[in-house]
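J.: Structure in structure tokens, see below.
The values are calculated or read from the model by the stated rules, or taken from the named source; none is laboratory data. No experiment lies behind these values; they were computed from the predicted model shown. FYI the Cβ positions are ideal-geometry reconstructions off the backbone, even for glycines, and counts take in every protein chain you see. Calculation scope for accessible area: heavy atoms of the full protein, side chains included, ligands and nucleic acids excluded. Shrake-Rupley method; radii C 1.70, N 1.55, O 1.52, S 1.80 Å.
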Amino acid sequence: MKTAQEILNNPFMNKGTAFTMEERKALNLIGALPPTVQTLEEQVERTYKQFCKKANNQEKRIYLMTLFNTNRILFYALMAQHVVEFMPIVYDPVVADAIRQYDELFMKPQDAGFLSIDHPEDIETSLINAAGGRDIRLIVVTDAEAILGIGDWGVNGVAISIGKLMVYTAAAGINPDNVLPLVLDVGTNNKQLLDNPLYLGNRHERVRGQAYYDFVDKFVTTAEKLFPHLYLHWEDFGRPNAAAILKKYQEKITTFNDDIQGTGIVALAGILGALNISKEKYTDQKVMIFGAGTAGAGIAHQIFEEFMQQGLSEEEARKHIYLVDKQGLLFEDTNDLTEAQKPFVRQRSEFENSASLATLYNAVKAIHPSVLIGTSTQPGKFSEEVVKEMATAVKRPIIFPLSNPTELAEAKAEDLIRWTDGHALVATGIPSAPVEYKGVTYNIGQANNALMYPGLGLGVIASTAKVVNQTLLSAAAHALGGIVNSDQPGAAVLPPVDKLTEFSEHLAIVVAQNAIQQGITKKKINNAQEAVRQMKWLPKYTE
Ligand SMILES: NC(=O)c1ccc[n+]([C@@H]2O[C@H](COP(=O)([O-])OP(=O)(O)OC[C@H]3O[C@@H](n4cnc5c(N)ncnc54)[C@H](O)[C@@H]3O)[C@@H](O)[C@H]2O)c1
Ligand SMILES: O=C(O)C[C@H](O)C(=O)O
Ligand SMILES: [Mn+2]
């Protein structure tokens, strides 16, 4: 028999004031709670009032994390009613501040797991301890080398795994009992952390090379062994490692890289949504991606696949894509190209003065892309000059500044609308308020992978898909890109976050259906819709 304290201090068991009198008698809780029994609805009302009293986003976040650590059903019941308001606080952009201040704010590990490269022999024990006997179906893991656009944050990065999983549950109803947030602590090269006496992670530089890959592999093998129904989500790894790890495992296990594949899907969906509004053809588009790292190259790949699906040859498809990185427009002879950039480099002979294409402005002027996407971590680079130049040649420029958090965005939505006299079709990585311009309200879609990874994940888990392949990813992009209200002036290019739970379910059903059709499910699943609905968890108390 558990003690009152053991029950009340376990967020998976605790119902707080909602324990009924019968439960209080049976569980030795008599006298350990105030006498009034509340409903979940009353608890939601009380906690929302408490939340509203907090003075700023940081305080609000601390409050919500405390609630999460206290009563998980109540946390999700509350979040279900306030998704739009809570997303930026539990997730991007406020999560970035929480990561920067992890040691100052640390109270509880929040049921996350911490794997240390200094003790690879402890991987199995650590996973068992962190899971605590639960049936783990979904892991979000980071090594925190490239947290959003803010760089290397060592063990602090665990908060992105926790935040991503909160969104999985709030958006798609993944049972919180089945999830495990993880950080691979392989050291950090962040000097500020190494010099901070209160830093909580391993106090040495990042381990690189074979030792790193052996550690990752031991983690993957052990997790697959312990959790046979696992879907493994990689988040915010550094540029070379993210791509290499995905390549190594994507055909072997059920796995997904959010920054490469998730961002690719959401960017493609945003373009498809924008073209629904402008009534233009996909195969007429010229796409320029500024910042061709993990996310940028992932977007290029997804867009490239779509050109081929829409009938272009591989060679023709490549001609529609232009990558710009630190070196400027990427050419076949550019130094330090990554493997993921190489398929999309251009020939110098295509341009009269290729040497001048080292700046974004010159590249935009020479190419006049119809789509401009930013994943560069360089704030303000979609300047008035760049955007106006683009708009001289393109009627409805599609412009997505996707860098996170807020202070790193390549442009603000409001400026893009003004500079293009309302013609730009805009989506941003962080939430943007609607823009009022010349009597029209422009709703700004949030092109953040959070719009799709929960639905994709629910579909994959419910259908028991063995792998996340290109066909599945394309189906997800089309499902998401098809939901825009194209007749409304100022319509957003992506569905709004206040409908996140609805369209996540829709996405999940499309994905599950696609996995069934492809014959890539582990179990025989007859009905995608039923499988998805059955898998969905709702924040309700049970006896
Ligand atoms: N909205 C979303 O869903 C989403 C998803 C993933 C990443 N992102 C954002 O995209 C950004 C990049 O993330 P990442 O994981 O790809 O990082 P990354 O480090 O892999 O890529 C960044 C790229 O930008 C390039 N770059 C740096 N300075 C530049 C400059 N002055 N000009 C041109 N290119 C430059 C780098 O060389 C690198 O290739 C981050 O801010 C991240 O938050 C957004
Ligand atoms: O975390 C986000 O908000 C999106 C994305 O995964 C990122 O790294 O920026
Ligand atoms: Mn990310």
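J.: Please find, within the stretch 290-326, the residue that is farthest from the chain's Cα centre (by Cα) out of those that are among the charged types (D, E, K, R) and under 18 Å from T375 (Cα atoms).
T.: Here is the first cut: in the stretch 290-326, the ones among the charged types (D, E, K, R) are 305-306, 314-316, 318-319, 325-326.
After this cut, where a residue has to be under 18 Å from T375 (Cα atoms) as well, the list is 325-326.
Details: D325: 22, K326: 24 Å.
Filtering the stretch 290-326 for residues that are among the charged types (D, E, K, R) and under 18 Å from T375 (Cα atoms), the one farthest from the chain's Cα centre (by Cα) comes out as K326.
J.: Can you tell me which residue in the stretch 58-72 is farthest from E41 (Cα to Cα), limited to those that are open to solvent by less than 30 Å² (accessible area, probe 1.4 Å) and out of contact with any Gly (no Cβ under 8 Å at 6 or more places or on another chain)? Walk me through how you get there before you give the answer.
T.: Restricting attention to the stretch 58-72, the residues satisfying the condition of being open to solvent by less than 30 Å² (accessible area, probe 1.4 Å) are 61, 64-65, 67-69, 71-72.
Among the residues that remain, those that are also out of contact with any Gly (no Cβ under 8 Å at 6 or more places or on another chain) are: 61, 64-65, 67-69, 72.
Numbers: R61: 21, L64: 17, M65: 19, L67: 15, F68: 17, N69: 19, R72: 14 Å.
If we take residues in the stretch 58-72 being open to solvent by less than 30 Å² (accessible area, probe 1.4 Å) and out of contact with any Gly (no Cβ under 8 Å at 6 or more places or on another chain), then R61 is farthest from E41 (Cα to Cα).
J.: Mind checking which residues of the stretch 395-416 are crowded, with 24+ Cβ neighbours inside 10 Å, away from ligand 2 (no atom under 16 Å from the Cβ) and of a type outside the set (A, V, I, L, M)?
T.: Correct list: P397 only.
J.: Let me ask something else about it. Taking the condition of being within 12 Å of ligand 1 (Cβ to nearest atom), in a helix (DSSP H, G or I) and among the hydrophobic types (A, V, I, L, M, F, W, C), how many residues in the stretch 269-309 meet it?
T.: The total comes to 5.
J.: Right, something else. Does the stretch 413-431 contain any residue that is within 13 Å of ligand 1 (Cβ to nearest atom), within 30 Å of P176 (Cα to Cα) and without any contact (Cβ under 8 Å) to a residue 24 or more places away in the chain?
T.: Checked against the condition, which is being within 13 Å of ligand 1 (Cβ to nearest atom), within 30 Å of P176 (Cα to Cα) and without any contact (Cβ under 8 Å) to a residue 24 or more places away in the chain, the stretch 413-431 yields no hits at all.
J.: Would you point out the residue of the stretch 291-319, among those that are more than 16 Å from ligand 2 (Cβ to nearest atom) and of a type in the set (S, T, N, Q), that is nearest to D259 (Cα to Cα)?
T.: Once the filter is applied, the top-ranked residue is Q309.
J.: Right, here's the next one. Would you mind listing the helices (runs of 4 or more DSSP H) fully within the stretch 1-102 where at least 3 residues are under 27 Å from A172 (Cα atoms)? Reasoning before the result, please.
T.: Working: elements: 4-8, 21-26, 40-52, 57-70, 72-81, 83-90, 94-100.
Per the criteria, 40-52, 57-70, 72-81, 83-90, 94-100.
J.: I need the full set of residues from the stretch 327-371 which are closer than 26 Å to A146 by Cβ, in a loop (DSSP other than H, G, I, E, B) and not charged (D, E, K, R), in order please.
T.: Passing the criteria: Q327, L330, T334, N335, L337, T338, A340, Q341, V345, A358, T359, P369.
J.: Would you confirm, using the coordinates I've provided, whether A465 is touching a strand residue (DSSP E or B) at 6+ places or on another chain (Cβ under 8 Å), more than 16 Å from ligand 3 (Cβ to nearest atom) and more than 28 Å from A146 (Cα to Cα)? Explain how you work it out, then say what you get.
T.: Numbers: touching a strand residue (DSSP E or B) at 6+ places or on another chain (Cβ under 8 Å): yes; more than 16 Å from ligand 3 (Cβ to nearest atom): yes; more than 28 Å from A146 (Cα to Cα): yes.
Yes; evaluated as a whole, the condition is true for this residue.
J.: Something else about it: Restricting to the stretch 220-239, count the residues that are within 16 Å of ligand 3 (Cβ to nearest atom) and not in a loop (DSSP other than H, G, I, E, B).
T.: Going through the stretch 220-239, the residues within 16 Å of ligand 3 (Cβ to nearest atom) turn out to be 232-239.
Still in the list and also not in a loop (DSSP other than H, G, I, E, B): 232-235, 239.
So the count comes out to 5.
J.: Restrict the check to the stretch 341-360 and report whether at least one residue is within 16 Å of ligand 2 (Cβ to nearest atom) and crowded, with 17+ Cβ neighbours inside 10 Å.
T.: First, the residues of the stretch 341-360 that are within 16 Å of ligand 2 (Cβ to nearest atom): none.
No, the stretch 341-360 contains no residue that is within 16 Å of ligand 2 (Cβ to nearest atom) and crowded, with 17+ Cβ neighbours inside 10 Å.
J.: Anything in the stretch 241-268 that is among the hydrophobic types (A, V, I, L, M, F, W, C), open to solvent by 10 Å² or more (accessible area, probe 1.4 Å) and within 12 Å of ligand 1 (Cβ to nearest atom)? List them, or say none.
T.: A243, I260
J.: Check whether at least one residue in the stretch 227-240 is farther than 22 Å from K466 by Cβ and either free of Cβ contacts under 8 Å to residues at least 12 places away in the same chain or surrounded by 23 or more Cβ atoms within 10 Å (Cβ to Cβ) (or both), and report yes or no. Walk me through it before giving the result.
T.: Within the stretch 227-240, the subset farther than 22 Å from K466 by Cβ is 236-240.
Checking which are either free of Cβ contacts under 8 Å to residues at least 12 places away in the same chain or surrounded by 23 or more Cβ atoms within 10 Å (Cβ to Cβ) (or both) leaves us with 236-237.
Yes, because at least one residue in the stretch 227-240 is farther than 22 Å from K466 by Cβ and either free of Cβ contacts under 8 Å to residues at least 12 places away in the same chain or surrounded by 23 or more Cβ atoms within 10 Å (Cβ to Cβ) (or both).
J.: Then there's this: Report whether or not P379 is within 16 Å of ligand 2 (Cβ to nearest atom) and either in the same structural domain as G298 (by TED's automatic domain parsing) or more than 28 Å from T420 (Cα to Cα) (or both). Reasoning before the result, please.
T.: Working: within 16 Å of ligand 2 (Cβ to nearest atom): yes; either in the same structural domain as G298 (by TED's automatic domain parsing) or more than 28 Å from T420 (Cα to Cα) (or both): yes.
Spelling it out, P379 is indeed within 16 Å of ligand 2 (Cβ to nearest atom) and either in the same structural domain as G298 (by TED's automatic domain parsing) or more than 28 Å from T420 (Cα to Cα) (or both).
J.: I've got another one for you. Go through the stretch 369-385 and give me each residue that's open to solvent by less than 50 Å² (accessible area, probe 1.4 Å) and either more than 23 Å from L323 (Cβ to Cβ) or away from ligand 1 (no atom under 12 Å from the Cβ) (or both).
T.: Across the stretch 369-385, the qualifying residues are P369, S370, V371, L372, S383.
J.: Tell me the residue from G291, G273 that is touching a residue at least 40 places away in the same chain (Cβ under 8 Å), buried (at least 20 other Cβ atoms within 10 Å of the Cβ) and either at positive phi or of a type in the set (K, R) (or both), please. Outline the logic, then answer.
T.: Numbers: G273 fails: either at positive phi or of a type in the set (K, R) (or both).
Exactly one of G291, G273 is touching a residue at least 40 places away in the same chain (Cβ under 8 Å), buried (at least 20 other Cβ atoms within 10 Å of the Cβ) and either at positive phi or of a type in the set (K, R) (or both), namely G291.
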